[in-house]
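*Asks:* Input: one structure, supplied below.
The values are calculated or read from the model by the stated rules, or taken from the named source; none is laboratory data. If you're wondering where the values come from, they're calculated on a predicted model, not measured in any experiment. Cβ sites come from the backbone with ideal geometry, for glycine too, and all protein chains shown count toward neighbours. Quick note on the areas: whole protein, heavy atoms, side chains included, nothing else; ligands and nucleic acids left out. Shrake-Rupley method; radii C 1.70, N 1.55, O 1.52, S 1.80 Å.
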Amino acid sequence: MTLTPLETGATLLVLAGVTLLTRALPFWLFPGGRTLPPYIRYLGRVLPPAIMGMLVVYCLRDTVLLSYPYGIPEALALLTVFLLYRWKRNTLLCIGVSTVLYMVLVQAVF
Amino acid sequence: MTHRKYKFPSPELRAAFPRTLPILMGYLFLGFAFGVLLGSRGYGALTSFLASTLVYAGSLQFVAVELLGQFNLLQAALVALMVNARHLFYGLSMLELFRGTGRYKPYLIFSLTDETYSLYCAGPVPPGLREDRFLFSLAWLDHLYWIAGSVLGSAASWLIPFETQGIEFVMTALFTVIFLGQWEGAAPRTAARKDRIHAHLPALIGVGVSLVCLPLFGRDAFLLPAMAVILLTLTALRWQQKRKEASHDPDAS
């Protein structure tokens, strides 16, 4: 489903506003460089990996596991990301190769 | 600070450009992928341009492609808040550096992406250059690459209509790579097994909670409950750790 131009614009504005808020908040809250509350410091350390894990699951939410093709294309592409990352540590290479592999798998193989 | 007249290209811009070359590669590539992905969902170059100019947040924009499938402003706001929470901490470590950047400061704050942040952390301002103009040059060059990449991607998906089925994996791959990087950063592989499990708990909680919430709430609705449960679980984890530390160390106040 595609949103109407008005809905699209509103969504983009909300995203832009909240993003700017997260970037500007520290400069408003701590103008003198005061130290952070420990709980906030803790969230700053643990939230990013947890949210990234959530986003990986979010991306894979339409994977079909219980019937054909049993999530095989996703598993193979993820394995490629993992092995390439271990081997070369190159973000763009990982993304490029695994995406092309996935596209070939879902378009031509499965 | 000298007040010479601004000449294009300024010495600050000349010094900044080579430092941004890795970001040029990365942003053209990822921006392009964003444009193509957006195009595959029926959105054109204008949406792509506006998103990359105004939102200018890589990971969030990829999630936004999905968010643009259903109109839900509250979900969009909360997802943006959680995905961008890390920016709060970039800002905190930039308080010192941005002090005294004057009229450039609002833009420097607006454009503080992961990659630009990494450039600020990468090295000091070359001697003899104005710090504010140097940082500003790094910032707008990166922004320009990102916009250029995404508009080119939109144009490509429109000019060369190719079979885009499966292109959405670009997003999965991006997040997985970031996740793997964070995983490695959380604990050295030489650390004791118990310490490693402990260090990876936040990542495991994120994946685990989402996997439970997905079938419970369904594909369109599980993000909000998942974010809430993740936040609660992480808070409970900290509470439990503090209690443990207190009981181990009777001298702790």
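*Asks:* Would you call A:Gly71 more than 7 Å from every other protein chain (Cβ to nearest Cβ), open to solvent by less than 30 Å² (accessible area, probe 1.4 Å) and without any contact (Cβ under 8 Å) to a residue 40 or more places away in the chain?
*Replies:* Details: more than 7 Å from every other protein chain (Cβ to nearest Cβ): yes; open to solvent by less than 30 Å² (accessible area, probe 1.4 Å): yes; without any contact (Cβ under 8 Å) to a residue 40 or more places away in the chain: yes.
When the stated conditions are applied, A:Gly71 passes them.
*Asks:* Looking at the range B:164-180 only, could you name the residues that are open to solvent by 30 Å² or more (accessible area, probe 1.4 Å) and either more than 7 Å from chain A (Cβ to nearest Cβ) or assigned to a helix (DSSP H, G or I) (or both)?
*Replies:* B:Thr164, B:Glu168, B:Ile178, B:Phe179
*Asks:* Let me confirm something: among B:Val55, B:Val63, B:Val79, which residue is open to solvent by less than 20 Å² (accessible area, probe 1.4 Å) and at pLDDT 95 or above?
*Replies:* When all the criteria are applied, what remains is B:Val55.
*Asks:* Out of the residues in the range B:33-42 meeting the condition of being in contact (Cβ under 8 Å) with a residue 60 or more places away in the chain and not β-branched (Val, Ile, Thr), tell me which one is most open to solvent (accessible area, probe 1.4 Å).
*Replies:* We begin by selecting, within the range B:33-42, every residue in contact (Cβ under 8 Å) with a residue 60 or more places away in the chain; these are B:33-40.
When the remaining residues are screened for being not β-branched (Val, Ile, Thr), the result is B:33-35, B:37-40.
Details: B:Ala33: 13, B:Phe34: 4, B:Gly35: 0, B:Leu37: 0, B:Leu38: 3, B:Gly39: 23, B:Ser40: 45 Å².
Filtering first and then ranking leaves B:Ser40.
*Asks:* So which residues in the range B:50-68 are of a type in the set (Gly, Ala, Ser) and part of a helix (DSSP H, G or I)?
*Replies:* Within the range B:50-68, B:Ala51, B:Ser52, B:Gly58, B:Ser59, B:Ala64 meet the criteria.
*Asks:* Considering B:Val229, B:Val177, B:Val151, which residue is over 28 Å from B:Val36 (Cα atoms) and within 25 Å of the chain's Cα centre (by Cα)?
*Replies:* B:Val229
*Asks:* Also, I was wondering about something else. Looking at the range B:66-92, I want the residues that are closer than 15 Å to A:Leu6 by Cα and have a partner that is open to solvent by 30 Å² or more (accessible area, probe 1.4 Å) and of a type in the set (D, E, K, R) with Cβ atoms under 6 Å, at least 6 apart or on another chain. Which pairs are those?
*Replies:* B:Phe71/A:Glu7
*Asks:* Take the conditions crowded, with 18+ Cβ neighbours inside 10 Å, more than 30 Å from B:Val229 (Cα to Cα) and either modelled with pLDDT of 90 or more or not assigned by TED's automatic domain parsing to the domain that holds B:Ala80 (or both) and apply them to B:Thr116. Does it pass?
*Replies:* Details: crowded, with 18+ Cβ neighbours inside 10 Å: yes; more than 30 Å from B:Val229 (Cα to Cα): yes; either modelled with pLDDT of 90 or more or not assigned by TED's automatic domain parsing to the domain that holds B:Ala80 (or both): yes.
Considered against the rule, which asks whether it is crowded, with 18+ Cβ neighbours inside 10 Å, more than 30 Å from B:Val229 (Cα to Cα) and either modelled with pLDDT of 90 or more or not assigned by TED's automatic domain parsing to the domain that holds B:Ala80 (or both), B:Thr116 comes out as yes.
*Asks:* Which one is least open to solvent (accessible area, probe 1.4 Å) among residues in the range A:44-68 that are more than 7 Å from every other protein chain (Cβ to nearest Cβ) and not charged (D, E, K, R)?
*Replies:* A:Thr63
*Asks:* Of all residues in the range A:5-31, how many are under 20 Å from the mean Cα position of the chain (by Cα) and at the interface with chain B (Cβ under 7 Å from one of its Cβ atoms)?
*Replies:* 10
*Asks:* Select, from B:Leu108, B:Leu97, the only residue that is more than 8 Å from chain A (Cβ to nearest Cβ), closer than 18 Å to A:Leu25 by Cβ, touching a residue at least 12 places away in the same chain (Cβ under 8 Å) and surrounded by fewer than 17 Cβ atoms within 10 Å (Cβ to Cβ). Before the answer, list the steps.
*Replies:* Values: B:Leu108 fails: surrounded by fewer than 17 Cβ atoms within 10 Å (Cβ to Cβ).
Sole residue among the options that is more than 8 Å from chain A (Cβ to nearest Cβ), closer than 18 Å to A:Leu25 by Cβ, touching a residue at least 12 places away in the same chain (Cβ under 8 Å) and surrounded by fewer than 17 Cβ atoms within 10 Å (Cβ to Cβ): B:Leu97.
*Asks:* Can we say B:Pro202 is free of Cβ contacts under 8 Å to residues at least 40 places away in the same chain, out of contact with any strand residue (DSSP E or B) (no Cβ under 7 Å at 6 or more places or on another chain) and closer than 30 Å to A:Ala108 by Cβ?
*Replies:* no
*Asks:* Among (1) more than 26 Å from B:Val209 (Cα to Cα); (2) touching a Cys at 6+ places or on another chain (Cβ under 6 Å), which single condition is A:Leu29 missing?
*Replies:* Against the list (1) more than 26 Å from B:Val209 (Cα to Cα); (2) touching a Cys at 6+ places or on another chain (Cβ under 6 Å), A:Leu29 comes up short only on (2).
*Asks:* Somewhere in the range B:84-93, is a residue surrounded by fewer than 18 Cβ atoms within 10 Å (Cβ to Cβ), under 14 Å from the mean Cα position of the chain (by Cα), farther than 30 Å from B:Ala221 by Cα and not β-branched (Val, Ile, Thr)?
*Replies:* no
*Asks:* Another question about this same structure. Just checking, which of B:Thr20, B:Thr53 is facing another protein chain (nearest Cβ under 10 Å) and more than 26 Å from B:Phe222 (Cα to Cα)?
*Replies:* Criteria check complete, one pass: B:Thr53.
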